[in-house]
Amino acid sequence: MVSETGKEDPQPSQNDAGVKRRGLLRLGTIITALTGASAVSAIGANSAQANPGGKTPPNEYVPIAEKGAPSGVATLDLEAKIPPALIPDLSAAYAPVLADGKGLVRKGDLVFNVMDYGAAGNGLADDTAACQTAINALPEHATLIFPGRHYIPGNLSLNKKHITLAGPGTLLDGKVVIGTTGTREDQFWNVTGLTFERSTRGAASYGIELLKTRRGTIQNNVFLNMDKAIYVHPLPTAAAHDTAQVKIVKNEFADVNYAFYVDRADVANWMHTSDCKFLANTVNVAYITHVYAKSIDGLVCSDNVFFFPSYNTSDGAAKAAKKHNIYIGQSDWLVIKGNNCFESGEEAILLDMAKHFSISDNLIAWPGQKAPYDAVKFTGSNSPNGMITDNVISRFSGNAIGVHTSGNGTIVVKNNLCEYDAATGTYYGTPALNTFTHHGVYQPAASTDTLIESGNETTGGIYNVRKDSMFSAVRLNQDVAVAGSKSAVTVTAANTPIFSMQSTRGGTALFSGMLLIEVKNTESESGNLSSYLFHVTRHPLGASLTKVSEHGLLTGGSANHPSFTFTVDGTGKLFVSPVGATSGKFYFYATYQGNLRLMKP
């Protein structure tokens, strides 16, 4: 046979072993030169484990430390072959063989194969015991390879440091439990290149279950057809940060109910799981929620792609089951960035009881298909402080962003593009989308947190921002703002409170600014209107309200005429009194600037 170089290749029967020997010897020469040790001896000793039933070593692995040059590198002849006189007696370099044909695990052997421990790898025989025996035998810094289809109905347990479980094989109908029920440890484990597959998505069918363990990586794996692919299981005695710094990177998930599920024990510290990363994964598809955490202290969820069953699937159960792309319960220090979130049944992103967060640069399409839901929603009373910026939110059924929190925090919402389409075609809920009002940003009256909104854009003919109450502003500097608030009040008597005033910093001792109040008897664009312009201030001598001008229906000729006089008390609370026949429910829209903001009375 002639090679591409034009030279005749030797026959395989004459040269295969020689080629392998020469390759190993060259590798040994390089490593010996760098380390002073014979790498080929190590390879030879290790390879004996791969042939546990043999009585003599395979001729392609030749330890040479015993012969040749003092450095441990053999001298080759002119044909690059080992002279017979230099071939050593190899029997001492190989592990003894047990009666059952399995080789002993020796110190220094760092790559192991479950097939050497009796695993069948045919997908039928129960490999649980063999695989667990292999794991139990691993020294630190070892890698265990699963090359076949390994049926493990009894599950596997890993509670060691610096261990890698590696593919390319498949683990069938079982899970790998990582961690301890005792004292937590920094274990530095790695699970890579494996396929986890279940025959059913029944309850408690997991791929990987995490107990008390820290600093591990799950990367480049495939999870198929299970309930919770990666499940964090806090024990009843869980303490803060028991499971921490777990990285879940570049995995594929298909036909799972949840890709990443963080549970919370009833009596557990809410911070038992912390500082995890879910990065660059693809979930196609999840049936309930892609990333679900009942509580977590620190999560980066970035650059993932999330798919649900499509809106036009014929599977009615799948349509009814799907919920969120991302759900996070009580939490702190969240980063949700750069994800593609498609076709959620309810909210695409729902944060309940979040403390600090950043949600940015996500693409969210066709959320809230089952009923009117906000695409991104905040709830709870944890006084959230965070930002939602630079997201594209398309074809939502309720509002694009809903702030429904009740604390004393501040949420900044800016530079989001909110694309509404009543004829989206992906919505299969009720009521019809054209029968109620939609907004880019919405904050109901019950919400008591500060909303700072700017730069958001909407398409599709909907309102940009609706704030039933509270503060919304573009901060020009620390003490000056341009802002707006709304108060819906029934006025039937004098001195009805409509707003409380304070400084942009939140203090009530000193404030000053210009206040424009537009009053209407209806929320629609039609109806009766009056407007009032004031200079307001609170100084060491008290608060004052100076009317600059007023226009509109001012005489109270009818009950639905927005005719009022305004006063302020010494604490900065703003009151109205009806003029003439004016009586009933009116809407007060306030725009103000300066060191001033308006709150609920």
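The values are calculated or read from the model by the stated rules, or taken from the named source; none is laboratory data. Given the structure is predicted, the values throughout are model-derived calculations rather than measurements. Neighbour counts are summed over all protein chains in view; Cβ atoms, including those assigned to glycine, are modelled from backbone coordinates with ideal geometry. Note: areas computed on protein heavy atoms with side chains; ligands, DNA, RNA excluded. Shrake-Rupley method; radii C 1.70, N 1.55, O 1.52, S 1.80 Å.
Using a 1.4 Å probe on the protein heavy atoms, what percent of the accessible area of the stretch 256-354 belongs to carbon and sulfur? Walk me through the numbers on the way to the answer.
Numbers: 1510 of 3140 Å².
The value for the stretch 256-354 is 48 percent carbon and sulfur by accessible area.
Hey, what's the stretch 545-601 come to in accessible area per residue, 1.4 Å probe, Å²? Could the numbers behind the result be given before it?
Values: 2520 Å² over 57 residues.
With the other protein chains kept in place, the stretch 545-601 gives 44 Å² per residue.
Based on alpha-carbon centroids, what's the gap between the stretch 370-413 and the stretch 517-594 in Å, whole number please?
Cα centroid of the stretch 370-413 versus Cα centroid of the stretch 517-594: 30 Å apart.
Quick check: residue separation of Thr508 and Ala432 times 0.36 nm, minus the Cα distance between them. What number comes out in nm?
Working: separation 76, 0.36 × 76 = 27.36 nm, distance 4.52 nm.
Working it through step by step, the gained length comes to 22.8 nm.
Give me the 1.4 Å probe accessible area per residue for the stretch 225-268, excluding ligands and nucleic acids, in Å².
Result: 35 Å² per residue.
I'd like the distance between the alpha-carbon centres of the stretch 325-365 and the stretch 190-260, rounded to an integer number of Å.
20 Å
If each residue of separation counts as 0.36 nm, what is the full-extension length gain between Ala240 and His141 once their alpha-carbon separation is subtracted? Don't jump to the answer; show the numbers that get you there.
Working: separation 99, 0.36 × 99 = 35.64 nm, distance 2.76 nm.
Here the answer is 32.9 nm.
Between Leu417 and Asp569, what FRET efficiency comes out of the Förster formula 1/(1 + (r/R0)^6) with R0 = 45 Å and r the beta carbon distance, rounded to 0.05? Write out the running numbers ahead of the final one.
Details: r = 43 Å, r/R0 = 0.95.
The computed FRET efficiency comes out at 0.55.
Calculate what fraction, in whole %, of the accessible area of the stretch 124-198 sits on carbon and sulfur atoms when a 1.4 Å probe is rolled over the protein chains.
Details: 1410 of 2830 Å².
In the stretch 124-198, the share of accessible area belonging to carbon and sulfur is 50 percent.
Taking 8 Å as the Cα distance limit and 6 or more residues as the minimum spacing, I'd like the relative contact order of the stretch 218-333 as a percentage.
On the way: 319 pairs, mean separation 28.9, N = 116.
The value is 25 percent.
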